[in-house]
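Reviewing the structure listed below.
The values are calculated or read from the model by the stated rules, or taken from the named source; none is laboratory data. Note that the structure is a prediction, hence the values are computed from the model and not measured. Cβ placement follows ideal geometry from the backbone for every residue including glycine, while neighbour counts extend to all protein chains displayed.
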Amino acid sequence: MPKFSKKSKAELDTCDERLQDIFNEVIKYFDCTIIEGRRDKKRQDKLFKSGKSKVFWPMSSHNAPVRAKSKAVDVCPYPIDWGDRDLFTYFAGFVMGVAAMKGILLQWGGDWNNDNNLKNNKFDDLCHFELRM
(Lines give C-alpha, C1' and ligand atoms only; values in the text may rest on other atoms or scores of the structure.)
Protein backbone atom coordinates (compact mmCIF):
# COMPACT_ATOMS: atom_id res chain seq x y z
CA MET A 1 0.00 0.00 0.00
CA PRO A 2 1.38 3.44 -0.90
CA LYS A 3 2.05 6.00 1.81
CA PHE A 4 3.01 9.64 2.00
CA SER A 5 6.59 10.79 2.50
CA LYS A 6 7.40 13.08 5.42
CA LYS A 7 7.46 16.05 3.02
CA SER A 8 4.03 15.15 1.61
CA LYS A 9 2.60 14.74 5.12
CA ALA A 10 4.02 18.11 6.16
CA GLU A 11 2.45 19.84 3.13
CA LEU A 12 -0.89 18.09 3.63
CA ASP A 13 -0.90 19.21 7.27
CA THR A 14 -1.08 22.83 6.02
CA CYS A 15 -4.42 22.06 4.32
CA ASP A 16 -8.02 22.16 5.46
CA GLU A 17 -9.06 19.00 7.30
CA ARG A 18 -11.45 18.06 4.46
CA LEU A 19 -8.55 17.97 2.00
CA GLN A 20 -6.56 15.92 4.49
CA ASP A 21 -9.48 13.51 4.78
CA ILE A 22 -9.75 13.09 0.99
CA PHE A 23 -6.05 12.56 0.32
CA ASN A 24 -5.47 10.30 3.32
CA GLU A 25 -8.09 8.06 1.70
CA VAL A 26 -6.71 8.45 -1.85
CA ILE A 27 -3.20 7.38 -0.81
CA LYS A 28 -4.55 4.01 0.33
CA TYR A 29 -5.33 3.13 -3.30
CA PHE A 30 -3.39 5.49 -5.56
CA ASP A 31 0.24 6.47 -5.09
CA CYS A 32 0.59 10.24 -5.11
CA THR A 33 2.70 13.04 -3.76
CA ILE A 34 1.64 16.32 -2.17
CA ILE A 35 3.49 19.13 -3.91
CA GLU A 36 2.13 22.11 -2.02
CA GLY A 37 -0.55 23.21 0.41
CA ARG A 38 -0.48 26.63 2.04
CA ARG A 39 1.54 29.36 0.31
CA ASP A 40 2.89 32.50 1.87
CA LYS A 41 2.96 35.89 0.11
CA LYS A 42 6.52 35.51 -1.18
CA ARG A 43 5.81 32.11 -2.77
CA GLN A 44 2.48 33.21 -4.30
CA ASP A 45 4.00 36.37 -5.77
CA LYS A 46 6.84 34.33 -7.29
CA LEU A 47 4.40 31.90 -8.94
CA PHE A 48 2.25 34.75 -10.23
CA LYS A 49 5.22 36.61 -11.74
CA SER A 50 6.44 33.42 -13.44
CA GLY A 51 2.99 32.72 -14.94
CA LYS A 52 2.49 29.50 -12.98
CA SER A 53 -0.42 31.07 -11.11
CA LYS A 54 -3.08 33.34 -12.54
CA VAL A 55 -3.73 35.18 -9.29
CA PHE A 56 -1.63 37.22 -6.89
CA TRP A 57 -1.56 37.15 -3.08
CA PRO A 58 -3.99 36.72 -1.32
CA MET A 59 -6.39 35.64 -4.10
CA SER A 60 -5.32 31.98 -4.39
CA SER A 61 -7.08 29.27 -2.42
CA HIS A 62 -3.55 28.22 -1.40
CA ASN A 63 -3.10 31.49 0.46
CA ALA A 64 -3.75 31.42 4.17
CA PRO A 65 -2.20 33.24 7.08
CA VAL A 66 0.28 31.38 9.24
CA ARG A 67 -1.46 28.64 11.24
CA ALA A 68 -4.57 28.91 9.03
CA LYS A 69 -5.31 26.05 6.65
CA SER A 70 -5.14 26.17 2.86
CA LYS A 71 -8.35 25.53 0.91
CA ALA A 72 -6.26 24.17 -2.00
CA VAL A 73 -3.60 21.54 -2.54
CA ASP A 74 -1.39 20.50 -5.44
CA VAL A 75 -1.14 16.71 -5.70
CA CYS A 76 0.41 14.55 -8.43
CA PRO A 77 0.18 10.87 -9.21
CA TYR A 78 3.52 9.26 -8.38
CA PRO A 79 5.96 8.91 -10.01
CA ILE A 80 5.41 12.32 -11.54
CA ASP A 81 5.29 12.60 -15.32
CA TRP A 82 4.27 16.18 -16.08
CA GLY A 83 3.67 15.27 -19.74
CA ASP A 84 1.14 12.50 -19.04
CA ARG A 85 -2.16 14.38 -19.17
CA ASP A 86 -4.11 11.11 -19.33
CA LEU A 87 -2.64 9.94 -16.01
CA PHE A 88 -3.41 13.29 -14.34
CA THR A 89 -6.98 13.11 -15.66
CA TYR A 90 -7.40 9.52 -14.47
CA PHE A 91 -6.02 10.49 -11.06
CA ALA A 92 -8.33 13.52 -10.85
CA GLY A 93 -11.34 11.32 -11.58
CA PHE A 94 -10.34 9.04 -8.72
CA VAL A 95 -9.86 11.99 -6.36
CA MET A 96 -13.16 13.57 -7.36
CA GLY A 97 -14.90 10.24 -6.77
CA VAL A 98 -13.42 9.90 -3.27
CA ALA A 99 -14.44 13.48 -2.48
CA ALA A 100 -17.98 12.87 -3.74
CA MET A 101 -18.32 9.72 -1.63
CA LYS A 102 -17.33 11.80 1.40
CA GLY A 103 -19.81 14.54 0.49
CA ILE A 104 -17.05 17.10 -0.14
CA LEU A 105 -17.27 19.38 -3.18
CA LEU A 106 -13.96 19.82 -5.00
CA GLN A 107 -12.81 21.78 -8.00
CA TRP A 108 -10.00 20.45 -10.20
CA GLY A 109 -7.59 22.59 -12.23
CA GLY A 110 -8.31 20.54 -15.36
CA ASP A 111 -12.00 21.53 -15.35
CA TRP A 112 -12.32 24.92 -13.66
CA ASN A 113 -15.99 25.39 -14.54
CA ASN A 114 -16.95 21.84 -13.51
CA ASP A 115 -18.80 21.16 -16.75
CA ASN A 116 -17.00 17.84 -17.40
CA ASN A 117 -15.67 19.25 -20.70
CA LEU A 118 -11.89 18.94 -20.38
CA LYS A 119 -11.21 20.76 -23.65
CA ASN A 120 -12.55 24.23 -22.78
CA ASN A 121 -10.05 25.07 -20.01
CA LYS A 122 -8.13 28.27 -20.60
CA PHE A 123 -5.47 27.43 -17.99
CA ASP A 124 -4.62 23.88 -17.00
CA ASP A 125 -3.37 23.25 -13.48
CA LEU A 126 -3.73 19.47 -13.50
CA CYS A 127 -2.31 18.90 -10.02
CA HIS A 128 -4.57 21.50 -8.36
CA PHE A 129 -7.58 20.61 -6.21
CA GLU A 130 -9.54 23.09 -4.10
CA LEU A 131 -12.62 23.08 -1.95
CA ARG A 132 -15.72 24.46 -3.63
CA MET A 133 -17.64 26.79 -1.39
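Details
- Restricting the stretch 40-95 to residues that are in a helix (DSSP H, G or I) and acidic (Asp, Glu), the residue that is nearest to residue 29 (Cα to Cα): 86
- Given (1) under 14 Å from residue 4 (Cα atoms); (2) in contact with a strand residue (DSSP E or B) (Cβ under 8 Å, 6 or more places away or on another chain), index of the condition residue 61 fails: (1)
- On the stretch given as the stretch 65-80, residues that are free of Cβ contacts under 8 Å to residues at least 12 places away in the same chain and in contact with a Phe, Trp or Tyr (Cβ under 9 Å, 6 or more places away or on another chain) total 0.
- Filtered by the rule that a residue be closer than 13 Å to residue 11 by Cβ, of a type in the set (Asp, Glu) and over 10 Å from the mean Cα position of the chain (by Cα), the stretch 41-78 gives no residues.
- Filter result for the condition that a residue is within 14 Å of residue 35 (Cβ to Cβ) and surrounded by fewer than 14 Cβ atoms within 10 Å (Cβ to Cβ), over 79, 65: 79
- Residue 25 vs. criteria farther than 19 Å from residue 101 by Cβ and touching a residue at least 40 places away in the same chain (Cβ under 8 Å): no
- Selected residue (only one of 37, 97, 103 is out of contact with any Phe, Trp or Tyr (no Cβ under 9 Å at 6 or more places or on another chain), closer than 20 Å to residue 19 by Cβ and surrounded by 21 or more Cβ atoms within 10 Å (Cβ to Cβ)): 37
- Flag for residue 129 being of a type outside the set (Gly, Ala, Ser), under 23 Å from residue 60 (Cα atoms) and within 11 Å of the chain's Cα centre (by Cα): yes
- Looking only at residues of the stretch 85-94 that are of a type outside the set (Phe, Trp, Tyr) and surrounded by 14 or more Cβ atoms within 10 Å (Cβ to Cβ), we find that the one that is farthest from residue 5 (Cα to Cα) is 89.
- Identity of the residue in the stretch 106-132, of a type in the set (Asp, Glu) and either under 18 Å from residue 73 (Cβ atoms) or in contact (Cβ under 8 Å) with a residue 40 or more places away in the chain (or both), that ends up surrounded by the most Cβ atoms within 10 Å (Cβ to Cβ): 130
- Scope the stretch 103-133; condition among the polar types (S, T, N, Q) and assigned to a strand (DSSP E or B); matching residues: 107
- Test: residue in the stretch 89-98 that is modelled with pLDDT of 95 or more, in contact with a helix residue (DSSP H, G or I) (Cβ under 7 Å, 6 or more places away or on another chain) and over 21 Å from residue 8 (Cα atoms): no
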